[in-house]
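Here is the structure we will look at.
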Amino acid sequence: MQKLGISQAVQFLQSRYPDGKPLSAVFIHSSMIEMLDSTTEDAIEQNSWIDSLSVLPASFTSQDANKILLLCPSVQSALKAEKALILAESYVISSGFIKGVYDQIEKEAEAFSIQASTASLIDHPSKSSESQESIPANTDKGSKKKKGKSASMKTATVETVPDDEEEARPKSKRNQKKGRDSSSSQKLDAKAGGKKESVKAQEGMENPDSILKHLADLMRPMLINSLKERRKKIFTENADRMKRLMDDLQKKLDESFLNMQLYEKALELFEDDQSTSAVLHRHLLRTTAATIADTLLHDLDIHNKLKNGIEVGDSKAQDPVLLESSERMALAKNLNGSLSRKALALVEALEGKRVDAFMTTFRDLAEESGLVLKKLDKKLERTLLHAYRKDLISQVSTESDPVALLAKVVSLLYIKAHNKALQAPGRAIAAAISHLKDKLDESAYKTLTDYQTATVTLLALMSASTGEEHDCSADRILSKRELLESQMPVLRSLVLGDSQPQQS
């Protein structure tokens with residue numbers, strides 16, 4: 001129009017073509033609006049997307065595409081009903097398609113830590129675009145025409161594959177229109193020259209990933225807000241669980257650590273007997289000490305996960321936690337800062353030979369965790385000893401195993417003679433009995449030693465037995481067991497007295 005000397009091109013064209021519509025750089029017939037309206041309506045109904053420039057003549061700019069889209073009735077109603085939106089002026093994307101991509105990303109994000117996911121999206125926003133842009137790996141980058149429905153299936157896996165007939169109908173319609181528009185486009189391209197192609201390239205229309213960038217820009221704030229809300233919810237729930245966890249842990253340690261101190265005091269009786277002392281130290285470390293250490297490490301690990309916003313399943317089990325050495329080390333390393341250092345020191349002490357070293361490291365870790373450990377005073381010691389003695393009396397009264405009975409009787413004798421709660425393994429029973437020699441009369445001491453000798457003999461026979469039919473040791477085992485069972489009432493009388501209930 002400018003070459004023809006027409007200064008007011010829009011007014012001139014409108015006077016000549018009343019049905020025409022002026023855009024930014026072109027003047028179109030209303031039939032083109034109807035054609036584009038039909039195509040965009042198909043894309044919206046099928047929860048897909050379309051680049052309007054792919055079905056418009058090549059002479060159309062992004063601004064032209066945007067104006068003609070706003071003239072399409074289907075686009076107008078979809079925008080009003082929030083069923084679609086326009087991106088980058090020329091893209092029409094259905095809300096269903098956006099929701100599908102969003103839901104898929106949400107689903108995949110559940111596999112990762114809430115903290116890590118949020119940090120990745122907030123601290124490194126470019127990575128979100130890169131991950132989005134890496135999805136359509138099979139996109140034909142040489143194609144100049146972007147097909148909304150086919151490209152959408154490559155962009156995300158959230159769409160269901162439509163029936164063949166449904167897929168063929170919009171494609172054939174679009175191809176027919178593209179064919180008609182292609183011929184007119186070639187004529188307009190010849191007139192416009194290479195300038196339009198240069199503008200088109202500058203606008204990035206030949207970049208098949210441009211839709212992904214706009215989608216990423218659209219969804220990144222939505223995803224960040226979603227992750228923040230989820231993380232906030234988890235932190236709120238975890239805060240309550242953390243408090244309950246530490247309260248429960250405090251209750252568990254209140255009693256168990258006092259018992260540990262009670263058992264530790266009995267070790268003082270064997271300071272002059274290094275070999276027996278070493279056995280007793282190792283036994284206490286492998287039993288009671290290991291149990292309370294595992295409980296502390298396990299619960300601190302859960303507390304650490306909850307603190308970091310990690311979802312942890314509820315544990316209903318009331319059984320004591322039993323960990324391997326490698327598991328303890330792994331839990332200790334997973335803690336943060338000084339907690340980790342003190343936990344590693346605890347694990348090392350647990351693998352050592354001294355109970356006092358363990359007690360020091362256990363106190364350090366517990367105090368670092370905000371726990372308060374009670375110190376065993378005289379009053380608490382008397383209370384615990386009374387409860388321990390009462391429990392042992394009950395066990396001795398009902399014990400039917402002649403081997404197990406000996407250790408319990410010896411423990412009761414140590415409470416009676418020394419006011420100490422001795423925890424002794426089978427291999428230390430002989431030494432423990434010898435330390436009672438000055439506290440017992442000759443008859444009681446002889447009963448203990450004879451019973452202990454018979455117990456060792458029985459255990460040796462059982463260990464050497466092959467279990468075969470012609471194994472003659474079976475009779476000897478039976479004979480020795482019967483002997484011990486016959487002596488059980490006598491052994492019980494050492495701690496229960498003749499008036500206590502007895503079993504043979």
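The values are calculated or read from the model by the stated rules, or taken from the named source; none is laboratory data. Every value quoted in this text rests on a predicted model; they were computed, and no experiment measured them. As a convention, Cβ positions derive from the backbone with ideal geometry for all residues, glycine included, and neighbour counts pool all protein chains shown.
In the range 406-432, how many are over 46 Å from the mean Cα position of the chain (by Cα) and farther than 13 Å from V279 by Cβ?
Our first condition is that a residue be over 46 Å from the mean Cα position of the chain (by Cα); within the range 406-432, this holds for 406, 409-410, 412-419, 429-432.
Imposing the further condition that a residue be farther than 13 Å from V279 by Cβ reduces the set to 406, 409-410, 412-419.
Qualifying residue count for the region: 11.
Can you tell which of L365, L380, L385, L373 is within 21 Å of L436 (Cβ to Cβ) and either part of a helix (DSSP H, G or I) or not assigned by TED's automatic domain parsing to the domain that holds E485 (or both)? Full working, then the answer.
On the way: L365 fails: within 21 Å of L436 (Cβ to Cβ); L380 fails: within 21 Å of L436 (Cβ to Cβ); L373 fails: within 21 Å of L436 (Cβ to Cβ).
Among L365, L380, L385, L373, only L385 is within 21 Å of L436 (Cβ to Cβ) and either part of a helix (DSSP H, G or I) or not assigned by TED's automatic domain parsing to the domain that holds E485 (or both).
Looking at the structure I just gave you, is L422 under 24 Å from V355 (Cβ atoms), surrounded by 17 or more Cβ atoms within 10 Å (Cβ to Cβ), in the same structural domain as L483 (by TED's automatic domain parsing) and touching a Phe, Trp or Tyr at 6+ places or on another chain (Cβ under 6 Å)?
Values: under 24 Å from V355 (Cβ atoms): yes; surrounded by 17 or more Cβ atoms within 10 Å (Cβ to Cβ): yes; in the same structural domain as L483 (by TED's automatic domain parsing): yes; touching a Phe, Trp or Tyr at 6+ places or on another chain (Cβ under 6 Å): yes.
So L422 fits the description; yes.
Specify which of the listed residues (S434, S463, S443) is within 23 Å of E271 (Cα to Cα) and not assigned by TED's automatic domain parsing to the domain that holds L284. I'd like the intermediate steps shown before the answer.
Details: S463 fails: within 23 Å of E271 (Cα to Cα); S443 fails: within 23 Å of E271 (Cα to Cα).
It is S434.
Would you say S411 is at pLDDT 95 or above and either among the acidic types (D, E) or in a helix (DSSP H, G or I) (or both)? Walk me through it before giving the result.
Values: at pLDDT 95 or above: yes; either among the acidic types (D, E) or in a helix (DSSP H, G or I) (or both): yes.
So S411 fits the description; yes.
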